[in-house]
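The values are calculated or read from the model by the stated rules, or taken from the named source; none is laboratory data. Bear in mind that the values here come from a model prediction, so they are computed numbers and not experimental data. Note that each Cβ is placed from the backbone with ideal geometry, even for glycine, and that neighbours are counted across all protein chains shown. Quick note on the areas: whole protein, heavy atoms, side chains included, nothing else; ligands and nucleic acids left out. Shrake-Rupley method; radii C 1.70, N 1.55, O 1.52, S 1.80 Å.
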Amino acid sequence: MRLVRFLHDNKVCSGVLYGDEVTVTALDNGPGRVKFDKISLLAPVKPSKIVSVGLNYRDHAEELGMSIPTEPVIFIKPSTAVIGPGEMIVYPESSARVDYEAELGVVIKNRIRNVSVEEAGRNIAGYTCFNDVTARDLQRKDTQWSRAKSFDTFAPIGPWIETDIDPGNLRIRSYLNGELKQDSRTSEFIFGIPRLIEFISGIMTLLPGDVIATGTPSNIGPMNAGDEIVIEIEGIGRLTNYIKRKED
Ligand code: MG
């Protein structure tokens with residue numbers, strides 16, 4: 001199933017996408033079905049937090065000349081950074097280099113704490129595309145990554161949540177202005193999704209809708225105002241966003 005959130009007649013709705021139609025699952029007195037081309041997609045979840053994994057692809061570790069970590073390095077992106085498909089990533093004035101990072105997003109289903117590897121799967125609602133937008137110059141300058149990772153609009157999510165997919169070996173790509181930039185597979189993960197859920201839920205309570213951003217493969221790179229960035233994951237879809245300099 002593909003779970004969507006969208007605007008229809010200026011109302012926020014949830015639904016399930018089948019072909020070119022959306023069956024609405026949460027809407028007061030609204031239509032039961034709407035055509036996909038009549039709706040405007042929103043980010044498919046409203047996470048209380050996004051827990052991101054710093055280095056989780058073997059090819060990216062090699063690119064950075066870093067050794068393979070023995071446990072995940074994590075950081076938090078705030079809920080206020082979330083944007084949906086088609087929205088603008090705003091380039092902050094304090095940065096001269098803002099990068100895309102194509103990532104598989106894991107959406108948490110239940111309120112969980114101290115979940116084991118064996119129990120992890122039943123606590124996943126589904127998977128989505130995520131762009132861990134990063135002010136690279138600020139990341140290099142700061143010891144802590146909060147500033148570089150947390151600007152408003154730095155967490156594009158979408159286009160929907162795919163509930164029925166095996167995430168173990170999916171092709172993941174990014175395209176900048178149509179040009180292929182990143183191209184890898186989730187089989188390159190250093191830490192698999194069950195291990196990440198065990199590790200993170202051993203630290204903090206995860207709430208329904210929270211997103212784990214599972215790290216990016218090699219060939220990260222910069223974006224500029226006017227660019228189009230697409231994150232594409234096999235079996236899920238394409239998340240498209242645009243870059244602009246300032247809020248107009
Ligand atoms: Mg990342």
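Among residues of region 118-143 being in a loop (DSSP other than H, G, I, E, B) and touching a residue at least 12 places away in the same chain (Cβ under 8 Å), the one that is nearest to the ligand (Cβ to nearest atom) is Asp132. Inclusion of Ser218 among residues that are over 16 Å from Ala81 (Cβ atoms), within 14 Å of the ligand (Cβ to nearest atom) and not in a strand (DSSP E or B) is warranted. Among residues of region 42-62 that are at pLDDT below 95, those with a Cβ under 6 angstrom from a residue that is part of a loop (DSSP other than H, G, I, E, B) and away from the ligand (no atom under 16 Å from the Cβ), sequence gap 6+ or separate chain, pair up as Ala61/Ile68.
For region 107-121, the candidate set comprises residues that are open to solvent by less than 60 Å² (accessible area, probe 1.4 Å) and among the polar types (S, T, N, Q); within that set, the residue that is farthest from Leu3 (Cα to Cα) is Ser116. Asp166 meets the conditions (1) closer than 13 Å to Ile236 by Cα; (2) in contact (Cβ under 8 Å) with a residue 40 or more places away in the chain in every case but one. The failed one is (2).
Residues in region 183-210 that are out of contact with any Gly (no Cβ under 8 Å at 6 or more places or on another chain), open to solvent by less than 40 Å² (accessible area, probe 1.4 Å) and assigned to a strand (DSSP E or B): Ser184, Leu206.
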